[in-house]
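The values are calculated or read from the model by the stated rules, or taken from the named source; none is laboratory data. Since this is a predicted model, take the numbers as computed values, not measurements. Cβ placement follows ideal geometry from the backbone for every residue including glycine, while neighbour counts extend to all protein chains displayed.
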Amino acid sequence: MSDKIKISEQEIEELSQFYKIFGDPTRLRILHTLYGTEMCVGELAEKLSMEQSAISHQLRVLKQIKLVAARRDGKQMVYSLADDHIAQILMMGLEHIREED
(Lines give C-alpha, C1' and ligand atoms only; values in the text may rest on other atoms or scores of the structure.)
Protein backbone atom coordinates (compact mmCIF):
# COMPACT_ATOMS: atom_id res chain seq x y z
CA MET A 1 0.00 0.00 0.00
CA SER A 2 1.81 3.04 -1.21
CA ASP A 3 -0.99 5.60 -1.00
CA LYS A 4 -1.88 6.57 2.52
CA ILE A 5 -5.56 7.32 3.09
CA LYS A 6 -6.29 10.58 4.86
CA ILE A 7 -8.54 10.07 7.85
CA SER A 8 -9.92 12.60 10.30
CA GLU A 9 -10.14 12.23 14.05
CA GLN A 10 -13.93 11.99 13.76
CA GLU A 11 -13.58 9.17 11.23
CA ILE A 12 -11.15 7.39 13.56
CA GLU A 13 -13.75 7.59 16.33
CA GLU A 14 -16.53 6.38 14.03
CA LEU A 15 -14.40 3.46 12.79
CA SER A 16 -13.61 2.55 16.37
CA GLN A 17 -17.33 2.42 17.21
CA PHE A 18 -18.02 0.50 14.00
CA TYR A 19 -15.47 -2.20 14.80
CA LYS A 20 -16.60 -2.47 18.42
CA ILE A 21 -19.92 -3.74 17.10
CA PHE A 22 -18.11 -6.67 15.50
CA GLY A 23 -16.52 -7.51 18.86
CA ASP A 24 -19.74 -8.95 20.26
CA PRO A 25 -20.38 -12.68 19.51
CA THR A 26 -24.17 -12.27 19.60
CA ARG A 27 -24.06 -9.47 17.04
CA LEU A 28 -21.78 -11.53 14.82
CA ARG A 29 -24.18 -14.48 15.05
CA ILE A 30 -27.05 -12.22 14.01
CA LEU A 31 -25.08 -10.76 11.10
CA HIS A 32 -24.00 -14.21 9.97
CA THR A 33 -27.56 -15.53 10.20
CA LEU A 34 -28.82 -12.62 8.09
CA TYR A 35 -26.14 -13.22 5.46
CA GLY A 36 -27.98 -13.69 2.17
CA THR A 37 -31.46 -13.69 3.70
CA GLU A 38 -33.93 -11.69 5.74
CA MET A 39 -35.74 -12.67 8.92
CA CYS A 40 -38.04 -11.30 11.56
CA VAL A 41 -37.08 -11.18 15.23
CA GLY A 42 -38.93 -14.39 16.05
CA GLU A 43 -37.13 -16.34 13.33
CA LEU A 44 -33.77 -15.02 14.48
CA ALA A 45 -34.55 -15.84 18.11
CA GLU A 46 -35.54 -19.39 17.19
CA LYS A 47 -32.55 -19.94 14.92
CA LEU A 48 -30.11 -18.59 17.51
CA SER A 49 -31.90 -20.12 20.55
CA MET A 50 -32.21 -16.73 22.20
CA GLU A 51 -34.95 -14.60 23.70
CA GLN A 52 -36.68 -12.21 21.32
CA SER A 53 -35.96 -9.29 23.65
CA ALA A 54 -32.21 -9.97 23.44
CA ILE A 55 -32.37 -10.19 19.65
CA SER A 56 -34.42 -6.98 19.45
CA HIS A 57 -31.89 -5.14 21.60
CA GLN A 58 -28.98 -6.21 19.41
CA LEU A 59 -30.91 -5.42 16.22
CA ARG A 60 -31.48 -1.87 17.48
CA VAL A 61 -27.73 -1.47 17.96
CA LEU A 62 -26.97 -2.97 14.54
CA LYS A 63 -29.61 -0.80 12.86
CA GLN A 64 -28.35 2.35 14.58
CA ILE A 65 -24.89 1.88 13.12
CA LYS A 66 -26.41 0.91 9.75
CA LEU A 67 -25.26 -2.71 9.65
CA VAL A 68 -28.79 -4.05 9.28
CA ALA A 69 -31.81 -2.70 7.45
CA ALA A 70 -35.43 -3.20 8.42
CA ARG A 71 -38.64 -3.16 6.44
CA ARG A 72 -42.21 -3.65 7.54
CA ASP A 73 -44.05 -6.73 6.29
CA GLY A 74 -47.59 -6.53 7.66
CA LYS A 75 -47.25 -6.33 11.43
CA GLN A 76 -43.66 -7.58 11.50
CA MET A 77 -40.33 -5.97 10.89
CA VAL A 78 -38.06 -7.98 8.63
CA TYR A 79 -34.29 -7.53 8.96
CA SER A 80 -31.44 -8.03 6.51
CA LEU A 81 -27.84 -6.95 6.13
CA ALA A 82 -27.79 -3.27 5.21
CA ASP A 83 -25.71 -3.78 2.08
CA ASP A 84 -23.08 -5.94 0.40
CA HIS A 85 -20.28 -4.18 2.27
CA ILE A 86 -21.38 -5.82 5.51
CA ALA A 87 -21.25 -9.28 3.95
CA GLN A 88 -17.82 -8.47 2.52
CA ILE A 89 -16.52 -7.34 5.92
CA LEU A 90 -17.73 -10.59 7.50
CA MET A 91 -16.14 -12.70 4.77
CA MET A 92 -12.86 -10.77 4.81
CA GLY A 93 -12.60 -11.20 8.57
CA LEU A 94 -13.32 -14.91 8.27
CA GLU A 95 -10.74 -15.30 5.49
CA HIS A 96 -8.18 -13.51 7.64
CA ILE A 97 -8.65 -15.73 10.70
CA ARG A 98 -8.63 -18.87 8.54
CA GLU A 99 -5.29 -17.96 6.93
CA GLU A 100 -2.49 -20.34 7.69
CA ASP A 101 0.87 -18.99 8.74
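Answer yes or no as to whether residue 60 is in a helix (DSSP H, G or I), touching a Leu at 6+ places or on another chain (Cβ under 8 Å) and either exposed (fewer than 14 other Cβ atoms within 10 Å of the Cβ) or modelled with pLDDT of 95 or more (or both).
Numbers: in a helix (DSSP H, G or I): yes; touching a Leu at 6+ places or on another chain (Cβ under 8 Å): no; either exposed (fewer than 14 other Cβ atoms within 10 Å of the Cβ) or modelled with pLDDT of 95 or more (or both): yes.
Here the answer is no, as residue 60 does not meet what is asked.
Residue check: residue 39 meets all listed conditions (1) closer than 18 Å to residue 22 by Cα; (2) in a strand (DSSP E or B); (3) not hydroxyl-bearing (Ser, Thr, Tyr) but one, namely (1).
Contact annotation: residue pairs with Cβ atoms under 8 Å, 6 or more positions apart or on different chains, pairing a residue in the stretch 3-17 that is within 20 Å of residue 86 (Cβ to Cβ) with a partner that is assigned to a loop (DSSP other than H, G, I, E, B), are 15/7; 17/65.
Among residues of the stretch 12-48 being under 23 Å from residue 91 (Cβ atoms) and of a type in the set (D, E, K, R), the one that is nearest to the chain's Cα centre (by Cα) is 27.
Just to be sure, is residue 78 touching an Asp or Glu at 6+ places or on another chain (Cβ under 7 Å) and not acidic (Asp, Glu)?
Numbers: touching an Asp or Glu at 6+ places or on another chain (Cβ under 7 Å): yes; not acidic (Asp, Glu): yes.
Yes; evaluated as a whole, the condition is true for this residue.
Look at (1) in contact with a Leu (Cβ under 7 Å, 6 or more places away or on another chain); (2) small (Gly, Ala, Ser); (3) farther than 26 Å from residue 11 by Cβ and you find that residue 74 fails only one, number (1). Annotation note: of 55, 65, the sole residue that is touching a Gly at 6+ places or on another chain (Cβ under 9 Å), among the β-branched types (Val, Ile, Thr) and surrounded by 13 or more Cβ atoms within 10 Å (Cβ to Cβ) is 55. Restricting attention to the stretch 79-89 and to residues that are aliphatic (A, V, I, L, M) and without any contact (Cβ under 8 Å) to a residue 60 or more places away in the chain, the residue that is surrounded by the fewest Cβ atoms within 10 Å (Cβ to Cβ) turns out to be 87.
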